[in-house]
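Contents: one structure, followed by commentary.
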Amino acid sequence: MVPLFDLTRQYQNLKPELDAAVLGLLESGQFVLGPAVESFEAAAAQFLGVRHAVGVANGTDALLLSLRALGVQPGDEVITTPFSFIATAEVVSLLGATPVFVDIEPDTFNIDPNLIEAAISPRTKGIIPVHLFGHPAPMSEVNAIARARGLFVLEDAAQAWGAWVEGESSTESGVKTFCGGLGDMGAFSFFPSKNLGAAGEGGLVTTNDDSLAEHVRVLRMHGMKRRYYHDEIGYNSRLHAMQAAILSVKLPHSAGWNESRRAHAARYRELLGDLPLGFPDERAGNHHVYHQYTLRSSKRDALIKALAEAKIGAAIYYPVPLHRQTVYESLGYGEGSLPQAERAAREVLSMPIFPELRPEEIEEVAQVVRASLVSLLSD
Ligand SMILES: *Cc1c(COP(=O)(O)O)cnc(C)c1O
């Protein structure tokens, strides 16, 4: 038995620190914004190398409030990937705008920059690349298109806490720039299973732009600059102080946790590399943080059944690409319209990966995958 992920191990490792942080917060009585949120925001901004980090209620709101700050209006179009969690497109629709889906690159599962130009219309306002599974999206290409066409770039960095690329948007090569600091704005989620997870919901908006940051701070508090004076319709979307206190304990460990994920990914590759499977790629100059370790197999459905029988946690992210979801039927993307995303949805299979995964568990997973695949291929 190997779980897909297990959060109790992380808690056991950090129990004294986490318990003290939660009890300290209870003692403080400051539950809405206040010092716990401010100090987490400062630590997050410093870690990510951005000017501003603004805590919000969850990753979906981080995207939504960013789009509001970037000025998305009803009737606008926003280009994004069809191979993501629904939140990426949902926020566009919530503002009365239309998501325009562009197919993915098969090796990284990220938006294919070569297909973006053709999707731009006079109504296009911006692009939301997603750093899917923790691999940075092709940001230099996306940024170049956006700059040339006057579009915004909002990074969906929900799965990419601690991922970075070399050089990008920095004048010096060899300097690393973190996801969340590559576009105009970045949105993170602290959903418990993300690489940096809260004990509940949480989210973060990042930007190097002072006025965008200020706008998100206003939006998260009912559109209020001065107490009880409201200039625009906002939201109640603040990062909870308890979650901020917990995240402040976890943040200093996050780079090490990502290194463990990378080591586990390397071990999977060592153990399985000779099998006829598709393996996750890490492009030169990119630092993948393996939020998921996602294989591809033409025998995916049978394989996941065999893994379930052997009590190996495995999951499909994502079984239906966004353009083929019922909720987006009216957009008229037929079957075969975005073939790479559709093929990925048929072939992907994510394996157990989390920092505390044990070497013997990785071996067990690999053994079961090998035995199952060999038997499926000989049928
Ligand atoms: C998790 C996730 C979100 C949403 O985050 P929540 O905190 O659950 O609202 C958005 N986009 C992607 C790609 C995600 O994985």
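The values are calculated or read from the model by the stated rules, or taken from the named source; none is laboratory data. These numbers come from a predicted model, not from an experiment. Backbone-built Cβ (ideal geometry, glycine too); neighbour counts: all protein chains shown. Ligands, DNA and RNA are stripped out before the accessible areas are found, and what is left, the full protein with its side chains, is counted by its heavy atoms. Shrake-Rupley method; radii C 1.70, N 1.55, O 1.52, S 1.80 Å.
For Gly150, what is the net charge nearby, where nearby means another residue's Cβ is under 15 Å from its Cβ and Lys, Arg count +1, Asp, Glu -1? Walk me through the intermediate numbers first.
Details: positive: Arg123, Lys125, Arg147, Arg149; negative: Asp76, Glu77, Glu117, Asp184.
With Lys, Arg at +1 and Asp, Glu at -1, the net is 0.
Which residues does a label at Asn114 reach in region 133-166, if reach means a backbone N under 20 Å from a point 7 Å past the Cα toward the Cβ?
Output list for this probe position: 136-146.
Please report the projected area of the chain's Cα convex hull averaged over all directions, in nm². It would help to have the intermediate numbers written out before the result.
Details: hull surface 77.9 nm².
Seen from a random direction, the Cα hull of the chain projects 19.5 nm² on average.
Using a 1.4 Å probe on the protein heavy atoms, what percent of the accessible area of the chain belongs to carbon and sulfur?
Working: 8390 of 15960 Å².
Exposed carbon and sulfur together represent 53 percent of the surface.
Probe radius 1.4 Å, ligands and nucleic acids left out: which of Ser121, Ser372, Ser378, Ser140 has the largest accessible area, and how do the rest follow? Display every interim value, and only then the final one.
Details: Ser121 35, Ser372 15, Ser378 90, Ser140 60 Å².
Reading off the accessible areas and sorting them downward yields Ser378, Ser140, Ser121, Ser372.
Students often check this: by mean Cβ neighbours within 10 Å, which of 360-366, 62-68, 16-22 ranks highest, and how do the rest follow?
Working: 360-366: 17.7, 62-68: 28.4, 16-22: 14.4.
Put in order of decreasing packing, that is 62-68, 360-366, 16-22.
Under 28 Å Cα to Cα from Lys225, which lysines show up? Leave out anything in the same chain fewer than 8 places away.
Those lysines meeting the cut-off are Lys125.
About the Cα centre of region 94-243, what is the dipole size in debye to 20, counting +1 per Lys and Arg Cβ and -1 per Asp and Glu Cβ, all else neutral? Can you show the working numbers first?
Numbers: 12 positive and 18 negative charges, 165 e Å.
In total the dipole reaches around 800 debye.
If you count the DSSP beta bridges with both ends in the chain, what percent of them are antiparallel, to the nearest 5? It would help to have the intermediate numbers written out before the result.
Working: 26 of 41 bridges.
DSSP beta bridges in the chain are roughly 65 percent antiparallel.
If the cut-off is a Cα-Cα distance under 30 Å, which lysines reach Lys311, setting aside same-chain residues fewer than 8 apart in sequence?
Lys15, Lys194, Lys250, Lys299
According to the square roots a ≥ b ≥ c of the eigenvalues of the Cα gyration tensor, what is the shape class of region 9-57, taking rounded for a/c under 1.5, prolate for a/b larger than b/c otherwise, and oblate for the remainder? Please list the in-between numbers first.
Numbers: a/c = 2.72, a/b = 1.33, b/c = 2.04.
The shape class here is oblate.
To the nearest 10 square angstrom, how much accessible area does Ile233 have with a 1.4 angstrom probe?
140
Largest first, how would Lys15, Lys176 line up by accessible area (1.4 Å probe)? Walk me through the numbers before you get to the answer.
Numbers: Lys15 75, Lys176 105 Å².
I get Lys176, Lys15, largest accessible area first.
Over the heavy atoms of Ser39, what accessible area does a 1.4 Å probe trace out, to the nearest 10 Å²?
Estimated to the nearest 10 Å², Ser39 gives 70 Å².
With unit charges on the beta carbons (Lys and Arg positive, Asp and Glu negative) and the dipole taken about the Cα centre of the chain, which residue among Ala42, Phe178, Ala344 sits farthest to the positive side?
Ala42
What value, in deg cm²/dmol to 500, does the helix sum -39500 (n - 2.57) over DSSP H runs of n ≥ 4 give at 222 nm once divided by the residues of the chain? Mind showing how you got there, number by number?
Values: 10 runs with 147 residues, N = 379.
Calculated at 222 nm, the ellipticity per residue is -12500 deg cm²/dmol.
Need one word for region 335-379: rounded, prolate or oblate. Basis is the Cα gyration tensor (sqrt eigenvalues a ≥ b ≥ c); a/c below 1.5 gives rounded, then a/b vs b/c decides. The partial results should precede the final answer.
On the way: a/c = 6.77, a/b = 1.54, b/c = 4.41.
Oblate shape, in that a/c is at least 1.5 and b/c is the bigger or equal ratio.
If we count every other residue with Cβ under 15 angstrom of Arg343's Cβ, Lys/Arg +1 and Asp/Glu -1, where does the sum land? Don't skip to the end; give the middle numbers.
On the way: positive: Arg296, Lys299, Arg300, Arg324, Arg346; negative: Asp103, Glu105, Asp107, Asp112, Asp301, Glu335, Glu342, Glu347.
Around Arg343, the charge tally is -3.
Please give me the summed charge of the neighbours of Val54: other residues whose Cβ is under 15 Å from its Cβ, Lys and Arg +1, Asp and Glu -1. Walk me through the intermediate numbers first.
Details: positive: Arg51, Arg68, Arg217, Arg220, Lys225, Arg238; negative: Glu38, Glu41, Asp61, Glu155, Asp184, Asp209, Asp210, Glu214.
Its environment carries a net charge of -2.
Go through 190-201, 274-285 and give me the packing order, highest mean Cβ count within 10 Å leading.
Numbers: 190-201: 20.1, 274-285: 14.2.
Going from most to least packed, we get 190-201, 274-285.
Using the heavy atoms of the protein chains alone and a 1.4 angstrom probe, what is the accessible area of the chain per residue in square angstrom?
Details: 15960 Å² over 379 residues.
Ligands and nucleic acids excluded, the result is 42 Å² per residue.
Can you classify region 134-219 as rounded, prolate or oblate using the Cα gyration tensor, where a ≥ b ≥ c are the square roots of its eigenvalues, rounded means a/c under 1.5, and otherwise it's prolate if a/b beats b/c and oblate if not? Walk me through the numbers on the way to the answer.
Values: a/c = 2.04, a/b = 1.31, b/c = 1.56.
Because a/c hits 1.5 or more and a/b fails to exceed b/c, region 134-219 counts as oblate.
Distance from the Cα centre of region 350-375 to that of region 221-296, in angstrom?
Here the two parts' Cα centres lie 22 Å apart.
Just read off the accessible area of Val91 with the full protein assembly in place, 1.4 Å probe, to the nearest 10 Å².
Looks like 0 Å² after rounding.
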